[in-house]
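See structure below.
The values are calculated or read from the model by the stated rules, or taken from the named source; none is laboratory data. From a predicted model like this one, the values you see are computed outputs, not experimental measurements. Every residue, glycine as well, gets a Cβ built from its backbone with ideal geometry; the counts of neighbours run over all protein chains shown. Remember, those area values only see protein heavy atoms, side chains included, never the ligands or the DNA or RNA. Shrake-Rupley method; radii C 1.70, N 1.55, O 1.52, S 1.80 Å.
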Amino acid sequence: MSQSPAITVEEFLAHAPARLELRLIAGEQGVKSRHITDARVHKLGLALAGFPHYIRPGRVQVVGQSEIWYLDKFGAERQLAAITNLSLKEIACILLTQGIDPPTELLAAAQATDLPLLQTPLVSSIAIGILSDYLQEMLAPRDVRHGVLLDLYGLGVLIEGRSGIGKSECALDLISRGHRLVSDDMVKVRRVGGDRLMGSAPDLLREHLEIRGLGIINIKDLFGVSAISGPLAVGLSIRLARWDEAGDVERLGLDAQTIEILGVRVAHVLLPVSPGRNLSTLVETAVRVHLLRLRGYDAAKSFVSRHQELIERAEASPATKPAGDAI
């Protein structure tokens, strides 16, 4: 279930980097109702100059010294016209940099429309850089996957499948072999940097694993701190499915499969489950095969290539008659 990322201005004020030294100076009634939905930060220069269509809803708008100098060139009436033309209801909040005090007209408009007006002592370039990094982290597209995320050989492996199929038991066996747990049951996934997926555990579930018959166990207490991993990039998806539900399963492994998560293609393996199959060994082997492919070696393709070479060699050699046919 994917979630549309958004934070209120109140949450932004509470959790923004301390370096920003944010201070709310107006529009306090709007901090709970106004939402930041876009990580991009804009300066209000073009909008103040008469191009309000450049304002996009849900963004933080920055007012620096250059915008104040621009407004100071005009009288109070023209300043008011420029400010009221800004579509103030669409702006999440306005950030004044360098500790600038807002013009009287802007302060009055913010109070009248419950538009949060913030202030930072940092210059615009530094404030925008810090703010952009923070918002990209907070507003990254995210999803919650029902499965287990493990660190196998440094690779984030997401194991999914229907309830009761053996995901957690498989994870427990892999942890006993020296691999590490990121999250069990629920995995928080977010897309960062455009094409990278980061998986992590909800705070409540971190370090814990649920095994039917044993209940909830603490992996750190049982296996030590080295058995636990923090957030990890998801590099491989493995789905466990019963034989009768798996459908057509690739036998040679020639066609590499992928699955889409939050718009990012991730390598995918479907593993049929049946009594007698050692799931942890199969998962571990699937990860090794994937890592070899990343290094440029594909066993299935190598096998087919060798088979083709043998056929071509046999066709090229002269036919020989059986010894019994000689006269």
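Couple of notes before you dig in:
- Failed criterion for E67 (all others in (1) surrounded by fewer than 18 Cβ atoms within 10 Å (Cβ to Cβ); (2) among the acidic types (D, E); (3) assigned to a helix (DSSP H, G or I) hold): (1)
- Spans of strands (runs of 3 or more DSSP E) in the stretch 144-219 with at least 3 residues of a type in the set (A, V, I, L, M): 155-161, 180-192
- The stretch 265-306 - residue that is open to solvent by 100 Å² or more (accessible area, probe 1.4 Å) and without any contact (Cβ under 8 Å) to a residue 12 or more places away in the chain and, of those, nearest to I165 (Cα to Cα): P275
- Note on the stretch 9-49: among residues that are touching a Lys or Arg at 6+ places or on another chain (Cβ under 7 Å) and assigned to a helix (DSSP H, G or I), the one that is most open to solvent (accessible area, probe 1.4 Å) is E10.
- When we screen S274, S229, S237 for residues that are of a type in the set (S, T, Y) and either at pLDDT below 90 or over 23 Å from the mean Cα position of the chain (by Cα) (or both), the only hit is S274.
- Among residues of the stretch 16-44 that are under 11 Å from I94 (Cα atoms), those with a beta-carbon under 6 Å from a residue that is open to solvent by less than 80 Å² (accessible area, probe 1.4 Å) and of a type in the set (S, T, Y) at least six positions away or on a different chain give the pairs V41/S132.
- Some residue of the stretch 93-115 being open to solvent by less than 20 Å² (accessible area, probe 1.4 Å), part of a helix (DSSP H, G or I), in contact with a Lys or Arg (Cβ under 8 Å, 6 or more places away or on another chain) and more than 18 Å from K32 (Cβ to Cβ): no
Matching residues to (1) free of Cβ contacts under 8 Å to residues at least 12 places away in the same chain; (2) hydrophobic (A, V, I, L, M, F, W, C); (3) closer than 26 Å to V273 by Cβ:
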{"position": "K167", "(1), (2), (3)": "no, no, yes"}
{"position": "V182", "(1), (2), (3)": "no, yes, yes"}
{"position": "V189", "(1), (2), (3)": "no, yes, yes"}
{"position": "G194", "(1), (2), (3)": "yes, no, no"}
{"position": "M198", "(1), (2), (3)": "no, yes, no"}
{"position": "D203", "(1), (2), (3)": "yes, no, no"}
{"position": "R206", "(1), (2), (3)": "no, no, no"}
{"position": "R212", "(1), (2), (3)": "no, no, yes"}
{"position": "I219", "(1), (2), (3)": "no, yes, yes"}
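- Any hit, the stretch 280-299, residues being more than 18 Å from G235 (Cα to Cα), among the small types (G, A, S) and part of a helix (DSSP H, G or I): yes
- Any hit, the stretch 75-84, residues being in a strand (DSSP E or B), open to solvent by less than 20 Å² (accessible area, probe 1.4 Å), within 30 Å of M138 (Cβ to Cβ) and not hydroxyl-bearing (S, T, Y): no
- Residue in the stretch 56-63 that is touching a Pro at 6+ places or on another chain (Cβ under 7 Å), in contact (Cβ under 8 Å) with a residue 40 or more places away in the chain, part of a strand (DSSP E or B) and of a type outside the set (G, A, S) present: no
- Total residues in the stretch 156-194, condition touching a helix residue (DSSP H, G or I) at 6+ places or on another chain (Cβ under 7 Å), under 19 Å from L271 (Cα atoms) and open to solvent by 20 Å² or more (accessible area, probe 1.4 Å): 1
- Any chance T120 is polar (S, T, N, Q) and open to solvent by less than 30 Å² (accessible area, probe 1.4 Å): yes
- Some residue of the stretch 201-218 being crowded, with 20+ Cβ neighbours inside 10 Å, within 28 Å of Q257 (Cβ to Cβ) and not acidic (D, E): yes
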